Amino acid sequence: MPDTDFRSPRLYVDAPLEPGGKVPLDRNQGNYLGNVLRLGSGANVLVFNGRDGEWRAAISGRKRPECLDIVAAARAQDRLPDLHYVFAPLKHARLDYMVQKAVEMGVSALQPVLTRFTQVARVNGERMRANVIEAAEQCGILSLAAVEEPVTLDRWLGRRAPERLLVLCDEAALVTNPAAALEPMRGAAHGIDVLVGPEGGFAEDERANLLNQPNTLRLSLGPRILRADTAAVAAIALVQTVLGDWTAAEQRTQVEISATR
């Protein structure tokens, strides 16, 4: 993202953004801008809402930041790749880490699924959403990943579109080159689901059911057993490198070179 301004503070707001608009700040946002960042009236920030792109805005308010005056568009809205990360819930700190890293790497949806050996039965959706927003604010991301409600693995499998590619990260899979295993799937045009199970692994009947799903690729993440949050980073990085939008710049370059010949 060569045109991204990483020096100006960024703030997510749940309000329409348009020239001349005025966006009120809630107490937490005002405290963050005024007391944490020490910004006062007239200071510039960048704002986004996940729908209308990124905008430059000026802080206004008498004693503390109270609202933002929208000044001008900075970046047009983009779209995330159709990449869903599906996972067995983790404990608080590790779940926070996993959500933040998944968002940084470009997933468009986060789907918790409950498996036989899942160790955490309850998921704080509001906390996940807060981590999505924080990661987006800090990393120049314009589109927010959706946070889905937890469902059982069987229910999720029953309702997912069968034409989507299911990348099943399985510690019991034969260890092969994961990038090479993904390469034949480059033509996947109906979206990708990356699934990582609990640290206890999948039950045998769960694994059998998963392997019977259409368009399923069983993927090894190497010769060592990874913690579930580490597996998330490894799996998404692999999929984005081979199948996702990390190669978009390279693809555009190749198209431009072909057009000039």
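The values are calculated or read from the model by the stated rules, or taken from the named source; none is laboratory data. Small disclaimer: the values here were computed from a predicted structure and weren't measured. With ideal geometry, Cβ positions are generated from the backbone for all residues, glycine too; neighbour counts draw on all protein chains shown. Please note that ligands, DNA and RNA were not included when accessible areas were found on the heavy atoms of the full protein model with its side chains. Shrake-Rupley method; radii C 1.70, N 1.55, O 1.52, S 1.80 Å.
Within the chain, the selection of entire DSSP H helices by a Cα span of 20 Å or greater along the long axis and an average Kyte-Doolittle value of at least -1.0 returns 125-139, 228-242. Accessible surface area normalised per residue over the range 1-135 is 55 Å², counting heavy atoms of protein chains with a 1.4 Å rolling probe. A probe of 1.4 angstrom, applied to the heavy atoms of all protein chains, finds HIS190 with accessible area near 110 square angstrom. One Cα centroid belongs to the range 112-163, the other to the range 217-237; the line between them spans 18 Å. Here the chain exposes an accessible surface that is 50 percent carbon and sulfur, computed with a 1.4 Å probe and the other protein chains kept in place.
Dipole of the chain computed with +1 at Lys/Arg Cβ and -1 at Asp/Glu Cβ about the Cα centre; of HIS84, ALA146, MET128, farthest Cα towards the positive end is MET128. Taking a straight line from the alpha carbon of LYS101, these lysines sit under 30 Å away, with near neighbours fewer than eight places off in the same chain left out: LYS91. Here LYS63 is the anchor, and the aspartates and glutamates within straight C-alpha reach of less than 15 Å, apart from those fewer than 8 places off in the same chain, are ASP26.
What number, in percent, do you get for the relative contact order of the range 10-75 if the mean sequence gap of Cα pairs under 8 Å and at least 6 apart is divided by its residue count? Numbers along the way, then the final one.
Values: 137 pairs, mean separation 25.9, N = 66.
Relative contact order for the range 10-75 comes out at 39 percent.
Close amide H contacts of VAL167 (hydrogens built in the peptide plane, cut-off under 5 Å, sequence separation of 5 or more or a different chain): ASP193, VAL194, LEU195, LEU217. Per-residue accessible area (protein heavy atoms, 1.4 Å probe) orders CYS139, CYS169 as CYS139, CYS169, starting from the largest.
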